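The values are calculated or read from the model by the stated rules, or taken from the named source; none is laboratory data. On a predicted model such as this, the values are computed, not experimentally measured, just so you know. As a convention, Cβ positions derive from the backbone with ideal geometry for all residues, glycine included, and neighbour counts pool all protein chains shown. Just the protein is used for accessible areas: all its heavy atoms, side chains included, with ligands, DNA and RNA removed. Shrake-Rupley method; radii C 1.70, N 1.55, O 1.52, S 1.80 Å.
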Amino acid sequence: MQQKLIEGIHSLSYTSTGTGETIVLIHGFGEDNRIWNQQVAYLQNNYHLLIPDLPGTGQSEIGNSELSVESMAALIKQMLDEEKIGQCIMLGHSMGGYVALAFAENYSERLLGLGLIHSTAYADSNEKKEARQKSIGFIQEHGAFEFIKTTIPNLFSKRFNEEQKPIVDELIEQGNQFTAETLIAYYTAMINRPNRSHILQKATVPVLFFIGEKDKAVSPTDALEQTALPAVCMVKLVPGIAHMGMLEATDELNSTIGEFCTTVNEQSL
C-alpha cells in the first residue's frame, strides 16, 4: 500500500494498493479515505485501488483557490494520469458521487463504470441550499468539530446508532481533522454544483446506484427516479440503513460492488 501526493492549486494525497483493473473510491463530506477500509479489504486482492483524500482532508490541502466539484474531479484526473491509468471504474460516496459525476462530464472517455453510493445527480433544491447555508452559519459560530459531532449520527439509522455506537464515535473522532474553512468550502462546492442528470441519461457505461431506505441526506425516492436514466443501471436498495452503507451494510455493499465490476467487465468485452 503506497501513499502518494499530487501538488497543484489544490493538493491530492491518495493511497494505491492491489493489482488488476483500477477502481477509484472517492469519500464524502466529513470523511477521509478510511471510510472505504472494509471495501479495500474486500477488493484489493482482485483490483488496483486508488483511494484519494479530497483537498482539505488528510494530507491534501485546499490552497488559496476556490474549491469546486469540478476542480476536485480535475485532481482525480491528474491522479489517473500520474498512475498512467487510461480507464477506471469510479465510485463516489455522497459528495464523492458529485465529484465522480463532474469527472464523468469532463472526462467520460476515462470511465468504464460509474457508481453513486448514497449520492444523486440532482442539484440542491432551494430547501437543501438553505439548510446548507444554515450549517455554514453553525460552523462559523461553533466550529468544525461541534458540527461534525451533531451531524455524523444523523447519517446513520437509529438502530445502528444504538447498536454500533463505537463505530459512530470513531467516525466522529476522525472528523476532528477538519477546519471550519474546509467544511464551508465543501458546502459551497455542493451548493454551486449543477444538475447532472443529463450525464446519467447519456452515459455509455454501466451506472450503479446504492441506496439506503432510511437515508435522510439523499432522498431514496430521488435516487430511484434517476435509475431510469442510464441505458445500463444496477440498483441496490437496502432496507433499514441510512446514508453510510460502507459501515451499515458492509457485506451488501461489497458484494454489490463485486457484481457491478463483473457487469462492467462484461459490458466492455
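Numbers for the structure displayed
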quantity: Which label in (1) 20.0, 61; (2) 17.1, 54; (3) 28.1, 94 gives the computed Rg and Dmax of the Cα atoms in Å; calculated: (2)
quantity: Cα-centred dipole magnitude for the chain, charges only on beta-carbon of K, R (+1) and D, E (-1), debye, nearest 20; calculated: 360 debye
quantity: For region 19-135: relative contact order, % (alpha-carbon pairs under 8 angstrom, 6 or more apart); calculated: 27 percent
quantity: Dipole of the chain [Lys/Arg +1, Asp/Glu -1 at C-beta], most positive-end residue of Ser71, Met234, Leu111; calculated: Met234
quantity: For region 43-67 and region 94-170, distance of Cα centres in Å; calculated: 16 Å
quantity: Theoretical FRET efficiency, 1/(1+(r/R0)^6), r = Cβ-Cβ of Thr263 and Ser125, R0 25 Å, to 0.05; calculated: 0.20
quantity: Region 64-99 residues near the modelled Glu7 label - backbone nitrogen below 13 Å, point 7 Å along Cα→Cβ; calculated: none
quantity: Choice from Leu80, Leu200, Leu50 showing the highest fluctuation, given a GNM over the chain with Cα pairs closer than 10 Å; calculated: Leu80
quantity: The chain: most fluctuating residue of Ala180, Ala144, Ala104 per GNM, C-alpha cutoff 10 Å; calculated: Ala180
quantity: Rounded percent of accessible protein surface that carbon and sulfur make up, region 51-138, 1.4 Å probe; calculated: 42 percent
quantity: In region 1-42, the GluC sites (Glu not before Pro) that fall in loop regions by DSSP, at most 13 other Cβ within 10 Å; calculated: Glu7
quantity: Phi to ³J(HN,Hα) by Karplus 6.51 cos²θ - 1.76 cosθ + 1.60 over region 218-229, Hz, x for Gly, Pro; calculated: 10, 4, x, 4, 4, 4, 4, 4, 6, 5, 7, 7
quantity: Residue-normalised accessible area of the chain, expressed per residue, 1.4 Å probe, Å²; calculated: 44 Å²
quantity: Nearest-10 value in Å² for the accessible area of Lys77, using the 1.4 Å probe; calculated: 60 Å²
quantity: Cβ-Cβ FRET estimate between Glu66 and Lys134, R0 fixed at 30 Å, reported to 0.05; calculated: 0.90
quantity: Antiparallel DSSP beta bridges within region 1-140, percent to nearest 5; calculated: 45 percent
quantity: Environment charge at Leu50 (Cβ cut-off 15 Å; Lys +1, Arg +1, Asp -1, Glu -1); calculated: -1
quantity: List Cys261, Cys233, ordered by accessible area with a 1.4 Å probe, largest first; calculated: Cys233, Cys261
quantity: Charge dipole magnitude, Cβ of K and R +1, D and E -1 - region 147-212, Cα centre, debye nearest 20; calculated: 420 debye
quantity: Under 14 Å, Cβ to Cβ, from Gln38 - net charge with Lys/Arg +1 and Asp/Glu -1; calculated: -4
quantity: About the Cα centre, charge dipole magnitude for region 81-197 (Lys/Arg +1, Asp/Glu -1 at Cβ), debye; calculated: 380 debye
quantity: Candidates Ile85, Ile76, Ile152, ranked by Gaussian network fluctuation over the chain, Cα under 10 Å, top entry; calculated: Ile85
quantity: Antiparallel bridges, percent of DSSP beta bridges restricted to the chain (to nearest 5); calculated: 30 percent
quantity: Largest-first ordering by accessible area, 1.4 Å probe, given options Leu224, Leu101, Leu229; calculated: Leu224, Leu229, Leu101
quantity: For q = 0.30 Å⁻¹, Debye-computed log10 I/I(0) when each Cα of region 100-140 counts as one equal scatterer; calculated: -0.98
